[in-house]
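Student: Pasting in a structure now, in C-alpha cells, and then I'll have a few things to ask.
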Amino acid sequence: MLFPVADIIFYAFALLLIASAFMVILSRHPVQSALYLVLAFFASAGLWIMTQAEFLGLILILVYVGAVMTLFLFVVMTVPMETLPPHQAYFRSFVLGFFVLLLFVFLMGRLLLHYADVTIPSLTLSSSVGDTQAIGQVLYTIYLYPFELGALLLLLAIVAAISLNAKIDRRKIINDINAQINTQASDRLKIIRMQSEKKIQESSPHDT
Amino acid sequence: MTHDTALLLLSSLVFAIGIAGMVINHRNLVVLLMCIELLLLSVNTNFITFAHHFNQVDGKIFVFFILTVAAAETAVGLAILMVLYRQRGTIEIEKMDILKG
C-alpha cells in the first residue's frame, strides 16, 4: 500500500472544516465569523472536489466565496455591531448552545449505532463522463424547467434587493388617492387674462 | 471508515455546530444568517455524499438548485437587514419589539 496521500488530504480538509465552523459560531466579532465562514467554504469545496463533484466545488468557491461572502462582509462592515454583549448573558447562551450541540451529537450517535451494521452497497460504476458533463446533460434536458425557474428567482432577488435599498423618496411614488379624487379643475388649471401679443413683422433668417 | 461515511459524520457534525451557533449568537442577526449558511453547507455535503455513493447525478442537481435559492435568500435577507438598520438604527433582535403592545 502506498502512502495514503488522499486520506491525509481528506482528513486535513475535514479538520479544517470543523475547526472553522466552530470559529464561526464562537468568534466575538462578526467580521471574524465571516472570514472563518470563507475558510469553511474553502475546506468544504476541497472535500466536494475529492468526492468527484468538481463542478459544484468550483461553483461553491465562485458563488459563495466570491459573491455571497462579499455581500456578508459589506453588510458587516456597514452596519455597526455591538462589540461585546454582557459577559453573564453571553455565558448563559454559550452553555445553552453547548447543550444543544451535545443533544444533536447524542441523537446522531444513537442513530449511527442503531444502523451500524447496515451497509448500503455503493454503485461504483466508473462513468466515462466527468461531473460537469453529467450535470450539464441532465440540467438542460430533464431539469430545464426548474433551471428556468431558478433564473427567474435570481432575477426576482435582484429586483427585491435593489428596490429595498435604492435611495428613492417613496413619498414621490406613493399616490394619495383621496387627493387625486377630490381635486378640482381650479387646482390644476389657472386661467389668466392677458393682452394678445403683437405679430412680429420681420423675422431673422435664422428663425425657421 | 470510507470517505462516504466520514463525510456523513462530518456533515451531521457541521449541522449540529450550525444549530448550536444559532442558539449561542441569538442576539446578532448577521451571525444567525451565517449559521444558516453552515446548515445549508452541511445539507449540500450530505447530498453530494449520497450522489457519489449511489453514482447518481440527481443529488448534485439538487445541490445546484439549493445553492441558487440560498444565494437569493441571502441577498434578500441582507437587504432586509440594511433596511432594518436604516429605519431602526440597530439590528439587535431584542430591540425588535415594535409589535409589542
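Student: Residue pairs, Cβ under 7 Å, 6 or more apart or interchain, first in region A:52-69 and open to solvent by less than 50 Å² (accessible area, probe 1.4 Å), second of a type in the set (Ser, Thr, Tyr). List them.
Tutor: A:Leu60/A:Ser44; A:Val68/B:Thr74
Student: Something else: Can we say B:Val63 is within 17 Å of A:Leu47 (Cα to Cα) and within 7 Å of chain A (Cβ to nearest Cβ)?
Tutor: yes
Student: So, of the residues in region A:133-156 that are more than 20 Å from A:Leu56 (Cβ to Cβ) and aliphatic (A, V, I, L, M), which turns out to be nearest to the other protein chains (Cβ to nearest Cβ)?
Tutor: A:Leu156
Student: Does B:Met34 satisfy the criteria of being at the interface with chain A (Cβ under 7 Å from one of its Cβ atoms) and aliphatic (A, V, I, L, M)?
Tutor: yes
Student: How about region A:133-148: which of its residues are among the hydrophobic types (A, V, I, L, M, F, W, C) and exposed (fewer than 14 other Cβ atoms within 10 Å of the Cβ)?
Tutor: Looking only at region A:133-148, we keep the residues that are among the hydrophobic types (A, V, I, L, M, F, W, C), and these are A:134-135, A:138-139, A:142, A:144, A:147.
Once the filter is applied, which keeps residues that are among the hydrophobic types (A, V, I, L, M, F, W, C) and exposed (fewer than 14 other Cβ atoms within 10 Å of the Cβ), region A:133-148 yields A:Ile142, A:Leu144.
Student: In addition: Within region A:20-29, identify whether any single residue is open to solvent by less than 50 Å² (accessible area, probe 1.4 Å), more than 29 Å from A:Thr132 (Cβ to Cβ) and at the interface with chain B (Cβ under 7 Å from one of its Cβ atoms), and answer yes or no.
Tutor: So far as region A:20-29 goes, yes, one or more of its residues are open to solvent by less than 50 Å² (accessible area, probe 1.4 Å), more than 29 Å from A:Thr132 (Cβ to Cβ) and at the interface with chain B (Cβ under 7 Å from one of its Cβ atoms).
Student: Same structure, new question: Report whether or not A:Ala160 is at pLDDT below 85 and closer than 24 Å to B:Gly77 by Cα.
Tutor: When the stated conditions are applied, A:Ala160 does not pass them.
Student: Here's something else I'd like to know. Across region B:6-31, what is the total count of residues that are touching a residue at least 40 places away in the same chain (Cβ under 8 Å) and more than 7 Å from chain A (Cβ to nearest Cβ)?
Tutor: 2
Student: Name the one entry in B:Val69, B:Val76 that is modelled with pLDDT of 90 or more, open to solvent by 60 Å² or more (accessible area, probe 1.4 Å) and within 18 Å of the chain's Cα centre (by Cα).
Tutor: B:Val69
Student: Next question, about the same structure. Determine which single condition B:Thr49 fails, assuming it passes every other condition in (1) buried (at least 23 other Cβ atoms within 10 Å of the Cβ); (2) more than 7 Å from chain A (Cβ to nearest Cβ).
Tutor: (2)
Student: A further question on this structure: Which members of region A:90-104 meet the condition of being modelled with pLDDT of 85 or more and open to solvent by 70 Å² or more (accessible area, probe 1.4 Å)?
Tutor: Listed by number, the residues that qualify are A:Leu96, A:Phe98, A:Phe99, A:Leu102, A:Leu103.
The values are calculated or read from the model by the stated rules, or taken from the named source; none is laboratory data. These figures come from a predicted structure and were not determined experimentally. Reconstructed Cβ throughout: ideal geometry from the backbone, glycine too, with neighbour counts over all protein chains shown. Accessible surface areas use protein heavy atoms only, side chains included; no ligands, DNA or RNA. Shrake-Rupley method; radii C 1.70, N 1.55, O 1.52, S 1.80 Å.
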